[in-house]
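Participant: One structure, pasted below without further comment.
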Amino acid sequence: MNPLDYLRLQLRLEGKEIIGGNLLRQVEVVPDEEVPLFLIAQLADENLVAYFDEESPTELREALQARLSKFSFPNVDTFSSFLQSRNVFFEVGQYKTYVFPEQYASFEDEAVHRFSKQDPKVQDFGFDGFAEAVYAI
């Protein structure tokens, strides 16, 4: 699967979707989840992608996009100082999404649990549309 597809799946779990190129919108209400002002992701292939809240001002989106080439993980100073200079309140969060490679589908470990997509626990969380098996730690 393409690394960007994994990001799309993660966003879907959070009730968000990518629209119109580099815009994000909330499509489902997920408790304690909001569309971020902007989302920068480093994909498994090490490419950086940026997405912006569809309601954010175009000028801010363009200015942030122009600074993306100067950004590197985990250094967020480039964007932080830019946002502070514009009096934009923000919080920074860094997260990782993990995917179990196929060769571990039969891996036996007490901490790893494999559920079928029909399992009620999986369906309750809305993960049943992603794969035949869902793994949890």
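Derivation of every value follows stated rules applied to the coordinates shown; laboratory data play no part. Fair warning: this is a prediction, and the values are worked out from it, not measured in the lab. Note that we place each Cβ from the backbone using ideal geometry, even for glycine, and neighbour counts take in every protein chain shown.
Participant: Calculate, in nm to one decimal, what Gln65 and Ser81 gain on full extension: separation in residues at 0.36 nm each, minus their alpha carbon distance. Show your work: numbers first, answer last.
Facilitator: Working: separation 16, 0.36 × 16 = 5.76 nm, distance 1.47 nm.
Residue separation times 0.36 nm, minus the Cα-Cα distance, leaves 4.3 nm.
Participant: Sticking with this one: Say each of Arg114 and Val92 gets a label point 7 Å from the Cα, pointing the same way as Cα to Cβ; how far apart are those two points in nm?
Facilitator: In this crude label model, Arg114 to Val92 measures out at 4.0 nm.
Participant: A further question follows. If I model a spin label as a point 7 Å beyond the Cα along the Cα-Cβ vector, how far apart are those points for Ala136 and Gln26 in nm?
Facilitator: Taking the simple label geometry, Ala136 and Gln26 are separated by 2.5 nm.
Participant: Turning to a different aspect of this structure: Looking at the stretch 3-85, what % of its DSSP beta bridges pair antiparallel, to the nearest 5?
Facilitator: Here the antiparallel bridges make up roughly 85 percent for the stretch 3-85.
Participant: Could you order peptides 117-124, 14-21, 85-92, 50-57 by the average number of other Cβ atoms within 10 Å of their residues, highest first? Let's see the in-between values first.
Facilitator: Working: 117-124: 12.6, 14-21: 14.6, 85-92: 9.4, 50-57: 16.8.
Order by mean packing, descending: 50-57, 14-21, 117-124, 85-92.
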